[in-house]
1. Kindly indicate the residue of segment A:220-259 that is of a type in the set (A, V, I, L, M) and touching a residue at least 12 places away in the same chain (Cβ under 8 Å) and also nearest to the other protein chains (Cβ to nearest Cβ) among those meeting that condition.
2. Identify, by number, the condition in (1) assigned to a loop (DSSP other than H, G, I, E, B); (2) in contact with an Asp or Glu (Cβ under 8 Å, 6 or more places away or on another chain) that A:Asp147 doesn't meet.
3. When you go through A:Ile42, A:Ile29, A:Ile95, A:Ile33 one by one, which is the residue that is closer than 29 Å to A:Ala185 by Cβ and touching a Gly at 6+ places or on another chain (Cβ under 8 Å)?
4. Which one is farthest from the other protein chains (Cβ to nearest Cβ) among residues in segment B:61-70 that are touching a residue at least 12 places away in the same chain (Cβ under 8 Å) and not charged (D, E, K, R)?
5. Here are some conditions: (1) within 16 Å of ligand 1 (Cβ to nearest atom); (2) in a loop (DSSP other than H, G, I, E, B). A:Gln216 meets all but one. Which one does it not meet?
6. Taking segment A:170-184 as the region of interest, how many residues are surrounded by 24 or more Cβ atoms within 10 Å (Cβ to Cβ) and farther than 18 Å from A:Phe75 by Cα?
7. Looking only at segment B:36-50, how many residues end up being under 13 Å from B:Arg112 (Cβ atoms) and either among the acidic types (Asp, Glu) or over 19 Å from the mean Cα position of the chain (by Cα) (or both)?
8. Can you name every residue in segment B:88-112 that is surrounded by fewer than 24 Cβ atoms within 10 Å (Cβ to Cβ) and over 18 Å from the mean Cα position of the chain (by Cα)?
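The values are calculated or read from the model by the stated rules, or taken from the named source; none is laboratory data. What you see is a predicted model, and the numbers here were worked out from it, not measured in a lab. All Cβ positions, even for glycine, are placed from backbone atoms using ideal geometry, and neighbour counts span all protein chains on display.
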Amino acid sequence: MQIHDQPTLKAEARNLNFYYGEKQALSNINMPIYDKKVTALIGPSGCGKSTYLRSFNRMHDLYPGNRYEGEIRFFPDNTNLLAPEVDPIEVRMRIGMVFQKPNPFPKTIFENVAYGLRVRGENNKRALDDKVEQALRGAAIWDEVKDRLQDLAPNLSGGQQQRLCIARALATDPELLLFDEPTSALDPIATGAIEELVHELKKRVTILIVTHNMQQAARVSDYTAYMYLGEMIEFGKTDEIFIKPQDKRTEDYITGRMG
Amino acid sequence: MNESQHLSSQFDEDLGRLRTHVLQMGGMVETQISSAVDAYATGEIGSVKSIVDADHKVNELEKAIDDDCAHIIAKRQPAASDLRLVLGISKIVTDLERAGDEAKKIAKGVRRIYENGHVPSQFGIGVRHLAEAALIMVRQALDAFARLDTEQARSVIRADSEVDTEFKSIIRQLITHMMEDPRTITTSIDIITIARAIERIGDHAKNISEQVIYVVEGRDIRHTGKEGIK
Ligand SMILES: Nc1ncnc2c1ncn2[C@@H]1O[C@H](COP(=O)(O)OP(=O)(O)O)[C@@H](O)[C@H]1O
Ligand SMILES: [Mg+2]
């Protein structure tokens, strides 16, 4: 099917290079991220998907010796996320991240979600209650936890913990959500719930998701990028990538052939 | 097409077997058609029964291949060229099966004509030529599939419009015949049935060729007219 609407840019990597000390992990990446669409990053293990994803919320800043070159432009304000004068804390308010293994804090369900809001200076009880509920609803876990908000988060099932982490990321109303293999530790039912949720979430937030599961990329994303050895080999509409990729390397990867 | 091997050799074997089965089915249909054309030309209507009987086998093969396609999709979740191959094959077998049905119609029509003591060639029209052209289209379409040859596929698609034109001129001639001599009506109608079946066989060969192009290039050129075969 042809998609005629012209998507708007939410972010764009421009000539992005990244180095872990001497080791170059990303080479000259240019790629658009479209607003309120799901973009999947696929590619063999070690090709740089996580490295790329983590550049968006400046996670690499936490380690000395890591170095960026190039830009990641963030719209509508056209901020270069990588500019030294841009505060990583500010960036992380606008860009949430969900990891492979659910990592709730060893606190109550409520506090897990309220935490980011408190950091932002929200102390009003009513407002916190409201926003926590909204975030939990947004992550499709409200009905399961509304009667046990004071229980410890680590007692939830793996799938529930992951949705709680999504609620935590949603609480601060981010514009972009980064998912790094969010379902690889989950069973098929919990995975299905997360995929369904991704579909719901894109109505209000832009999503960039790393997955090693190609069917998942095909199911959840609007756009797909294939990465190999730190390079962006091919970017396109998911339908096109999975039916008629342009690059032989993409074709070989998604059809499970040896290169 | 991607000729590199899959990490799963089982998958390579599954796809290889699928292609072989399509070509086997194609061979059977081709035989049905050429026997029907021979019967038309020679009046040897003894072969009609075997043409009709072969239809049963063709149907079974169609179902088996479709089933294999479903299995491959369920087990392997094919993508890109693999996906196009499986989708293309499931359409190709539908066209092959229908071409077989048309061969059966031809055979039965031939039997009626000869049993009524007529000889179709006394009508002096180009049905036989039409049939040969359609048969060549089917052969070339199968060949294009076997070799994934899009040039060949495109030439089949071009040939189809010639068959269509020839078919129309045969119909005009037959209508004239019937008006001139109403006693020829029964046989003329049988011949029209036969010519129409042949023309449809050409359409099926064209459809198969369009699928070959889809499988190889990922372009859906159905319903695009002359643009598509450029
Ligand atoms: N902290 C690090 N220090 C040095 N090299 C790293 C570090 N993290 C990842 N790498 C290397 O960078 C490359 C890309 O890794 P990564 O982004 O994790 O790949 P992917 O997520 O696609 O599996 C790999 O070669 C990996 O070994
Ligand atoms: Mg990774």
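1. Applying the first criterion (of a type in the set (A, V, I, L, M)) to segment A:220-259 yields A:220, A:225, A:227, A:229, A:232-233, A:241, A:243, A:254, A:258.
With the extra rule that they be touching a residue at least 12 places away in the same chain (Cβ under 8 Å), the set shrinks to A:220, A:225, A:227, A:229, A:232-233, A:241, A:254.
Working: A:Val220: 15, A:Ala225: 15, A:Met227: 17, A:Leu229: 18, A:Met232: 18, A:Ile233: 14, A:Ile241: 8, A:Ile254: 4 Å.
The residue in question is A:Ile254.
2. (2)
3. Details: A:Ile42 fails: touching a Gly at 6+ places or on another chain (Cβ under 8 Å); A:Ile95 fails: touching a Gly at 6+ places or on another chain (Cβ under 8 Å); A:Ile33 fails: touching a Gly at 6+ places or on another chain (Cβ under 8 Å).
Exactly one of A:Ile42, A:Ile29, A:Ile95, A:Ile33 is closer than 29 Å to A:Ala185 by Cβ and touching a Gly at 6+ places or on another chain (Cβ under 8 Å), namely A:Ile29.
4. Taking segment B:61-70 as the starting set, the residues that turn out to be touching a residue at least 12 places away in the same chain (Cβ under 8 Å) are B:61-62, B:64-66, B:68-69.
From the residues that got through so far, the ones that are not charged (D, E, K, R) too are B:61, B:64-65, B:69.
Details: B:Leu61: 26, B:Ala64: 24, B:Ile65: 21, B:Cys69: 16 Å.
Across segment B:61-70, the extreme among qualifying residues is B:Leu61.
5. Going through the list (1) within 16 Å of ligand 1 (Cβ to nearest atom); (2) in a loop (DSSP other than H, G, I, E, B), A:Gln216 breaks only (2).
6. Qualifying residue count for the region: 5.
7. Count: 2.
8. Of everything in segment B:88-112, those that are surrounded by fewer than 24 Cβ atoms within 10 Å (Cβ to Cβ) and over 18 Å from the mean Cα position of the chain (by Cα) turn out to be B:Arg111, B:Arg112.
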